[in-house]
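Shown next, in C-alpha cells, is the structure this report addresses.
The values are calculated or read from the model by the stated rules, or taken from the named source; none is laboratory data. Just so you know, these numbers come straight off a predicted model, no measurement behind them. Every residue, glycine as well, gets a Cβ built from its backbone with ideal geometry; the counts of neighbours run over all protein chains shown. When the accessible area is computed, the model is the full protein with side chains, heavy atoms only, and any ligands, DNA or RNA have been set aside. Shrake-Rupley method; radii C 1.70, N 1.55, O 1.52, S 1.80 Å.
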Amino acid sequence: QVQLTEYGGGSVQAGGSLSLSCVSSGIDLPRYAMGWFRHTPGKEREFVAGAAWHGGGGNYYGDSVKGRFTFSRDTPKNTIFLQMNDLKSDDAAVYFCAATGTIADLRQGWIDYWGQGTQVTVSS
C-alpha cells in the first residue's frame, strides 16, 4: 500500500519560513516523480515544486514560488522536502505531497498518489 505522509506546516508571520517533509512508503520511487501542490478554497490546485526521483532534469517550481521555495529529497529516507522562505499571505494553503509517473504528468497535475495534506497559515 502506497503512503505519502506530510510533516511540518503550521502558522508563520509573513516573511517567515517553514519546512515541509513527505515520507513515502510502498512505492518504487525511482519510477516516479514527486512534488508538492497546494490548494486554497476558491482557487485551483497549484503545482508548487517537484522533480523526477532519479534527479535527472532538475527541480521544477511554480512561477509564484521561484526564488523563495526550495525542493529537495533524501533518497535513503524516501523523503522529499519543501523549504519555504519569505512566506506571503498568498502562500497560505493546504500543501499536498504527490507522486506520479513523470515530471510532465506531475506538473500537469495528473497524480497517482496524494498525501493527506498539511495546513500552512501565513499571518500579516
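I111 exposes around 30 Å² of accessible area when a 1.4 Å probe is run over every protein chain in place. Partners of K43 within straight-line reach, counting lysines whose Cα lies under 29 Å from its Cα and excluding those fewer than 8 residues away in the same chain: K66, K88. Here S11 sits with roughly 100 square angstrom of accessible surface, probe radius 1.4 Å. Within the assembled protein chains, the solvent-accessible surface assigned to K43 is about 110 Å², based on a 1.4 Å probe. Largest first, the residues Y113, Y7 sort by 1.4 Å accessible area into Y7, Y113. For segment 1-43, the Kirkwood hydrodynamic radius from C-alpha pairs, put into Stokes-Einstein at 37 °C and a viscosity of 0.692 mPa s, yields a diffusion coefficient of 255 µm² per second. Here the sum of -39500 (n - 2.57) over DSSP H runs of 4 or more residues, divided by the residues of the chain, equals -1000 deg cm²/dmol at 222 nm, to the nearest 500.
Computed extension length for R68-K88: 6.2 nm, one decimal, from 0.36 nm per residue of separation with the Cα-Cα distance subtracted. Counted over the chain with a bin width of 5 Å, the fraction of Cα pairs per bin, in whole percents, is 2, 12, 24, 26, 20, 10, 5, 1, 0. Summarising the label geometry, the points placed 7 Å from Cα in the beta-carbon direction at Q13 and R45 lie 3.5 nm from one another. Its Cα centre serving as origin, the chain has a Cβ charge dipole (Lys and Arg +1, Asp and Glu -1) of approximately 100 debye.
Each of H39, H54 has its accessible area taken with a 1.4 Å probe; listed largest first, they run H54, H39. Extent along the principal axes, Cα only, for segment 60-102: 33, 18, 18 Å, with the longest axis given first. Equivalent ellipsoid of segment 51-124: semi-axes from √(5λ) of the C-alpha gyration tensor, largest first, are 22, 14, 13 Å.
Ligands, DNA and RNA left out, the 1.4 Å accessible surface of segment 50-124 is 48% carbon and sulfur atoms.
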